[in-house]
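S.K.: The following block contains the structure, expressed as structure tokens.
The values are calculated or read from the model by the stated rules, or taken from the named source; none is laboratory data. No experiment lies behind these values; they were computed from the predicted model shown. Ideal geometry is used to build each Cβ from the backbone, glycine not excepted, and the neighbour counts take in all protein chains shown.
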Ligand code: BDP
């Protein structure tokens with residue numbers, strides 16, 4: 001059990017359960033070709049039934065009406081074409097499917113071939129959980145766009161990757177052996193992801209050389225049988241750097257011709273190309289502003305290059321901000337950037353441009369309010385960007401199940417134009433009548449067999465896919481399903497992993513950054529481990545404005561950066577005032593003294609102290625809780641996770657003490673419970689007699705009890 005098959009293990013059910021399954025004589029997969037997702041579905045189901053139920057079953061693609069109790073996989077139209085009755089099938093949306101196990105046969109019908117594959121995975125998922133209940137239902141996706149973004153570099157490294165090397169690229173080229181890429185496609189299809197952008201948003205122009213374009217074609221060929229289409233991230237200055245043109249100005253005819261030509265070539269290799277993802281004028285990347293043009297000019301140039309070839313989309317990232325902001329100007333605010341750069345361009349983007357908006361206004365922090373840009377677009381469509389990569393969330397060395405965090409975003413009511421406007425209804429396209437919108441997420445899978453470097457981190461990928469389909473899915477139910485599929489049906493296993501998972505985000509918020517102050521990690525480079533002092537005094541704009549008297553960003557309209565005013569009226573009014581701002585976002589919107597009393601009655605500083613103790617105390621229960629699973633799951637994965645949970649428990653103490661000591665030193669207000677700085681029981685390593693060790697200063701000093 002090395003994790004490679006993730007939640008698609010198809011572990012055998014107990015023999016008595018296996019026996020209670022009503023057998024079928026044949027799988028009839030009405031596939032149009034060997035690369036069709038329905039062909040994949042037929043093989044997958046055959047394999048799954050063999051492993052889960054210990055039964056052999058043949059697959060055929062030819063329909064014989066007198067086959068006794070078959071399992072039929074097809075599209076609604078292919079089934080109708082062979083004379084199947086479709087009058088009971090509800091109307092399906094793109095990628096949706098209908099599944100019925102009532103009666104003698106099983107019928108899995110997709111709106112398209114991809115939908116049929118999704119339905120097959122769904123059927124396998126319930127079989128694998130030992131659930132043979134008769135069902136008949138249709139289900140459709142909430143988000144039409146359900147993509148993932150890989151941040152893989154051509155040299156084989158992965159930006160913010162914590163699980164090995166890329167399985168797409170190496171030494172500047174597409175890998176010859178794409179076995180893992182195909183296995184990944186299978187995982188993604190099983191959670192109904194329909195698009196993958198295969199390279200880093202910090203892109204390199206050599207992706208577009210002839211050899212690599214052919215390589216992209218090979219990647220697309222591996223993905224297609226799983227209903228997945230590929231897209232690429234482009235480097236804006238490619239016309240200059242790869243094409244040798246004097247400029248990359250998006251309005252220059254030669255530049256446009258160059259992109260048109262590149263796009264045509266790419267379509268020769270990838271005829272079903274999804275489109276382009278663009279990170280421009282962001283964190284040092286060139287972009288249209290470099291050439292005195294608008295962001296819409298840039299986006300539309302790509303959109304028009306795609307247009308003649310079909311339905312390709314430009315995902316234009318809204319992550320545009322000045323990373324040399326002047327902190328001394330109290331009006332400056334990175335959180336304002338997305339609205340400032342994009343809102344006025346709402347009517348300017350072509351219809352095949354989608355703006356890709358990080359879920360919060362800053363950058364994947366442990367808690368952020370919804371990105372206000374999502375309330376400022378009407379005509380321009382958007383996708384939300386989540387991060388399965390735990391960049392600021394313990395980098396997969398800590399268990400943090402993020403579905404509950406994402407739910408706080410998806411369930412938030414933006415009150416656009418004074419009307420109910422849940423983020424999930426904006427993303428589904430319903431609220432603003434968008435024809436295409438939805439979801440994307442950064443996934444830092446690597447060639448480690450665990451995919452993400454930690455078996456437990458995989459629940460995030462699983463839950464992400466489920467939420468794109470149904471944003472109302474329950475985080476508890478999702479992690480339970482995932483656990484049963486990944487670790488087996490034992491109740492203790494399911495209960496323990498569910499408990500740890502559901503406690504993990506609150507715990508992490510407790511020992512990292514509370515009250516909306518962001519993740520208090522090293523903000524300049526690693527984004528890992530406590531370093532509250534690094535937040536201020538730099539141009540990056542993830543500020544806390546902590547001084548001896550108080551902390552928090554004043555983002556009010558009245559006295560601050562005006563960020564609260566970027567939200568629709570009712571939400572703006574709530575965030576404008578301390579009294580109506582929820583405690584968990586207080587310091588995001590307000591600068592208050594350490595002695596400020598929260599709605600809970602505690603002062604801000606005491607809340608910090610307590611939350612750090614409570615959060616790290618919770619993390620310290622994780623290894624103990626996990627011990628209950630010894631011998632209930634395989635040793636290999638047991639030890640792997642046990643090691644990481646033990647590390648997390650220890651690191652949570654480092655977090656706790658570093659953050660508490662830092663603020664304690666800043667404000668001089670003691671902990672009411674006399675814990676902070678009072679480590680009587682602790683033996684300091686640097687005061688011991690040392691053999692083979694030397695004493696060094698630790699940076700930041702608060703990371704070690706006496707800075708050494
Ligand atoms: C930041 C990451 C950086 C990414 C950037 C982005 O630290 O590595 O390039 O986001 O999303 O969070 O473009």
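S.K.: Residues in the range 323-337: is at least one assigned to a loop (DSSP other than H, G, I, E, B) and within 23 Å of the chain's Cα centre (by Cα)? Lay out the reasoning, then the answer.
M.R.: Filtering the range 323-337 down to residues assigned to a loop (DSSP other than H, G, I, E, B) leaves 323-333.
Those left that are additionally within 23 Å of the chain's Cα centre (by Cα): none.
No.
S.K.: Given (1) surrounded by fewer than 18 Cβ atoms within 10 Å (Cβ to Cβ); (2) in a helix (DSSP H, G or I), identify the lone condition not met by residue 62.
M.R.: (2)
S.K.: Would a scan of the range 508-515 turn up a residue that is farther than 30 Å from residue 198 by Cβ, within 16 Å of the ligand (Cβ to nearest atom) and buried (at least 22 other Cβ atoms within 10 Å of the Cβ)? Spell out how you get there, then give the answer.
M.R.: Restricting attention to the range 508-515, the residues satisfying the condition of being farther than 30 Å from residue 198 by Cβ are 509-515.
Subsequent filtering for residues that are within 16 Å of the ligand (Cβ to nearest atom) retains 512-513.
Narrowing the set further to residues that are buried (at least 22 other Cβ atoms within 10 Å of the Cβ) leaves 512-513.
Yes.
S.K.: I'd like the full set of residues that are in contact (Cβ under 8 Å) with a residue 24 or more places away in the chain and either surrounded by 13 or more Cβ atoms within 10 Å (Cβ to Cβ) or under 22 Å from residue 521 (Cβ atoms) (or both), limited to the range 680-703.
M.R.: Residues of the range 680-703 in contact (Cβ under 8 Å) with a residue 24 or more places away in the chain: 684, 700, 702-703.
Those that are in contact (Cβ under 8 Å) with a residue 24 or more places away in the chain and either surrounded by 13 or more Cβ atoms within 10 Å (Cβ to Cβ) or under 22 Å from residue 521 (Cβ atoms) (or both): 700, 702, 703.
S.K.: Then there's this: Hey, can you tell me all the residues within the range 134-162 that are within 24 Å of residue 467 (Cβ to Cβ) and more than 16 Å from the ligand (Cβ to nearest atom)?
M.R.: Selection gives 135, 137, 138, 139, 140, 141, 142, 143, 144, 145, 146.
S.K.: Now a separate question. Of the residues that sit in the range 201-221 and are closer than 24 Å to residue 190 by Cβ and surrounded by fewer than 21 Cβ atoms within 10 Å (Cβ to Cβ), which one is nearest to the ligand (Cβ to nearest atom)? Don't jump to the end; show me each part of the working.
M.R.: Kept after step one, since they are closer than 24 Å to residue 190 by Cβ, are these residues of the range 201-221: 216, 218-221.
Applying the additional criterion that residues be surrounded by fewer than 21 Cβ atoms within 10 Å (Cβ to Cβ) yields 218, 221.
Details: 218: 26, 221: 28 Å.
Step by step, filter the range 201-221, then rank; the result is 218.
S.K.: Still on this structure: What are the residues in the range 312-333 that are more than 12 Å from the ligand (Cβ to nearest atom) and over 21 Å from residue 150 (Cβ atoms), if any? Full working, then the answer.
M.R.: Step one: of the range 312-333, the residues more than 12 Å from the ligand (Cβ to nearest atom) are 312-316, 322, 324-333.
Once the filter is applied, which keeps residues that are more than 12 Å from the ligand (Cβ to nearest atom) and over 21 Å from residue 150 (Cβ atoms), the range 312-333 yields 322, 324, 325, 326, 327, 328, 329, 330, 331, 332, 333.
S.K.: Need the failing condition index for residue 281 against (1) buried (at least 22 other Cβ atoms within 10 Å of the Cβ); (2) within 16 Å of the ligand (Cβ to nearest atom), just the number.
M.R.: (1)
S.K.: Can you tell me which of 87, 55 is without any contact (Cβ under 8 Å) to a residue 40 or more places away in the chain, touching a helix residue (DSSP H, G or I) at 6+ places or on another chain (Cβ under 6 Å) and not in a strand (DSSP E or B)?
M.R.: On the way: 87 fails: touching a helix residue (DSSP H, G or I) at 6+ places or on another chain (Cβ under 6 Å).
After applying the criteria, what remains is 55.
S.K.: Continuing with this model, one more query. Which condition from (1) assigned to a loop (DSSP other than H, G, I, E, B); (2) crowded, with 20+ Cβ neighbours inside 10 Å; (3) over 15 Å from the mean Cα position of the chain (by Cα) is the one that residue 177 breaks?
M.R.: (2)
S.K.: Okay, next question. Quick one: residue 480 ticks every box in (1) closer than 20 Å to residue 230 by Cα; (2) not assigned by TED's automatic domain parsing to the domain that holds residue 405 except a single one, so which number is it?
M.R.: The number of the failed condition is (1).
Quick grid of which residues meet (1) farther than 23 Å from residue 489 by Cβ; (2) without any contact (Cβ under 8 Å) to a residue 40 or more places away in the chain:
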{"position": "120", "(1), (2)": "no, no"}
{"position": "127", "(1), (2)": "no, no"}
{"position": "134", "(1), (2)": "no, yes"}
{"position": "139", "(1), (2)": "yes, no"}
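Residue by residue, here is whether (1) in the same structural domain as residue 149 (by TED's automatic domain parsing); (2) more than 20 Å from residue 436 (Cα to Cα); (3) buried (at least 23 other Cβ atoms within 10 Å of the Cβ) holds:
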{"position": "289", "(1), (2), (3)": "yes, yes, no"}
{"position": "297", "(1), (2), (3)": "yes, yes, no"}
{"position": "309", "(1), (2), (3)": "yes, no, no"}
{"position": "330", "(1), (2), (3)": "yes, yes, no"}
{"position": "335", "(1), (2), (3)": "yes, yes, yes"}
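S.K.: Within the range 233-252, restricting attention to residues that are buried (at least 22 other Cβ atoms within 10 Å of the Cβ) and closer than 18 Å to residue 266 by Cα, which residue is farthest from the ligand (Cβ to nearest atom)?
M.R.: Filtering the range 233-252 for residues buried (at least 22 other Cβ atoms within 10 Å of the Cβ) gives 233-236, 238-239, 248, 250.
From the residues that got through so far, the ones that are closer than 18 Å to residue 266 by Cα too are 233-236, 238-239.
Numbers: 233: 10, 234: 14, 235: 13, 236: 13, 238: 18, 239: 21 Å.
Of everything passing the filter in the range 233-252, 239 is farthest from the ligand (Cβ to nearest atom).
S.K.: Another question about this same structure. Looking at residue 125, is it in the same structural domain as residue 221 (by TED's automatic domain parsing) and either buried (at least 22 other Cβ atoms within 10 Å of the Cβ) or within 27 Å of residue 399 (Cβ to Cβ) (or both)? Break it down into steps so the answer makes sense when it comes.
M.R.: Values: in the same structural domain as residue 221 (by TED's automatic domain parsing): no; either buried (at least 22 other Cβ atoms within 10 Å of the Cβ) or within 27 Å of residue 399 (Cβ to Cβ) (or both): yes.
It is false that residue 125 is in the same structural domain as residue 221 (by TED's automatic domain parsing) and either buried (at least 22 other Cβ atoms within 10 Å of the Cβ) or within 27 Å of residue 399 (Cβ to Cβ) (or both).
S.K.: Among the residues in the range 388-402, are any closer than 25 Å to residue 274 by Cα and in the same structural domain as residue 162 (by TED's automatic domain parsing)?
M.R.: So in the range 388-402, the residues closer than 25 Å to residue 274 by Cα come out as 388-389.
Still in the list and also in the same structural domain as residue 162 (by TED's automatic domain parsing): 388-389.
Checked against the condition, which is being closer than 25 Å to residue 274 by Cα and in the same structural domain as residue 162 (by TED's automatic domain parsing), the range 388-402 yields at least one hit.
S.K.: How do the helices (runs of 4 or more DSSP H) wholly within the range 583-676 filter down when requiring 3 or more residues that are out of contact with any strand residue (DSSP E or B) (no Cβ under 9 Å at 6 or more places or on another chain) and at pLDDT 95 or above: which remain?
M.R.: Values: elements: 586-589, 604-627, 635-667.
Where helices (runs of 4 or more DSSP H) fall fully within the range 583-676 and carry at least 3 residues being out of contact with any strand residue (DSSP E or B) (no Cβ under 9 Å at 6 or more places or on another chain) and at pLDDT 95 or above, they are 604-627, 635-667.
S.K.: Which condition number in (1) in contact (Cβ under 8 Å) with a residue 40 or more places away in the chain; (2) surrounded by fewer than 19 Cβ atoms within 10 Å (Cβ to Cβ); (3) part of a loop (DSSP other than H, G, I, E, B) is the one that residue 162 fails?
M.R.: Checking residue 162 against (1) in contact (Cβ under 8 Å) with a residue 40 or more places away in the chain; (2) surrounded by fewer than 19 Cβ atoms within 10 Å (Cβ to Cβ); (3) part of a loop (DSSP other than H, G, I, E, B), the one that fails is (2).
S.K.: Turning to a different aspect of this structure: Just a yes or no: is a residue in the range 264-276 in the same structural domain as residue 199 (by TED's automatic domain parsing), within 16 Å of the ligand (Cβ to nearest atom) and under 24 Å from residue 219 (Cβ atoms)? Walk me through it before giving the result.
M.R.: At the first step, the residues of the range 264-276 found to be in the same structural domain as residue 199 (by TED's automatic domain parsing) are 264-276.
The next check asks that each one be within 16 Å of the ligand (Cβ to nearest atom); those that pass are 276.
So of that shortlist, the ones also under 24 Å from residue 219 (Cβ atoms) come out as 276.
Scanning the range 264-276 turns up at least one residue that is in the same structural domain as residue 199 (by TED's automatic domain parsing), within 16 Å of the ligand (Cβ to nearest atom) and under 24 Å from residue 219 (Cβ atoms).
S.K.: May I pose another question? Assuming residue 556 fulfils every condition listed in (1) within 16 Å of the ligand (Cβ to nearest atom); (2) touching a helix residue (DSSP H, G or I) at 6+ places or on another chain (Cβ under 9 Å) apart from one, which condition is it?
M.R.: Unmet condition: (1).
S.K.: Does residue 299 satisfy the condition of being touching a helix residue (DSSP H, G or I) at 6+ places or on another chain (Cβ under 6 Å) and either away from the ligand (no atom under 16 Å from the Cβ) or modelled with pLDDT of 95 or more (or both)? Can you show your working first?
M.R.: Working: touching a helix residue (DSSP H, G or I) at 6+ places or on another chain (Cβ under 6 Å): no; either away from the ligand (no atom under 16 Å from the Cβ) or modelled with pLDDT of 95 or more (or both): yes.
Answer is no for this residue.
S.K.: If I ask for residues that are more than 16 Å from the ligand (Cβ to nearest atom) and within 26 Å of residue 260 (Cα to Cα), which ones from the range 334-345 would you list?
M.R.: To start, the set of residues in the range 334-345 that are more than 16 Å from the ligand (Cβ to nearest atom) comprises 336, 339-340, 343-345.
345, the sole residue that qualifies.
S.K.: Next up: Here is a list: 366, 400. Which entry is outside any helix (DSSP H, G or I) and within 14 Å of the ligand (Cβ to nearest atom)? Give the steps one after another, and end with the answer.
M.R.: Numbers: 400 fails: within 14 Å of the ligand (Cβ to nearest atom).
Result of the check over 366, 400: 366.
Listed here are the residues, each with its yes/no results for (1) touching a residue at least 24 places away in the same chain (Cβ under 8 Å); (2) in contact with a strand residue (DSSP E or B) (Cβ under 6 Å, 6 or more places away or on another chain); (3) more than 24 Å from residue 83 (Cβ to Cβ).
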site	(1), (2), (3)
1	yes, no, yes
5	no, no, yes
8	yes, no, yes
12	yes, no, yes
17	yes, no, yes
28	yes, yes, no
40	yes, no, yes
43	no, no, yes
48	yes, no, yes
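S.K.: Just give me the residues in the range 383-397 being within 16 Å of the ligand (Cβ to nearest atom) and in contact with a helix residue (DSSP H, G or I) (Cβ under 8 Å, 6 or more places away or on another chain), in sequence order. Don't jump to the end; show me each part of the working.
M.R.: Applying the first criterion (within 16 Å of the ligand (Cβ to nearest atom)) to the range 383-397 yields 383-396.
383, 384, 386, 388, 390, 393, 394, 396, listed by residue number.
S.K.: Please go through the range 532-560 and give me each residue that is on the phi > 0 side of the Ramachandran plot, surrounded by 22 or more Cβ atoms within 10 Å (Cβ to Cβ) and without any contact (Cβ under 8 Å) to a residue 60 or more places away in the chain, ordered by number.
M.R.: If the condition is that a residue be on the phi > 0 side of the Ramachandran plot, surrounded by 22 or more Cβ atoms within 10 Å (Cβ to Cβ) and without any contact (Cβ under 8 Å) to a residue 60 or more places away in the chain, then 552 is the only one that fits.
S.K.: Is it the case that residue 186 is more than 16 Å from the ligand (Cβ to nearest atom), crowded, with 24+ Cβ neighbours inside 10 Å and at pLDDT 95 or above? Steps first, answer last, please.
M.R.: Values: more than 16 Å from the ligand (Cβ to nearest atom): yes; crowded, with 24+ Cβ neighbours inside 10 Å: no; at pLDDT 95 or above: yes.
The answer is no for residue 186.
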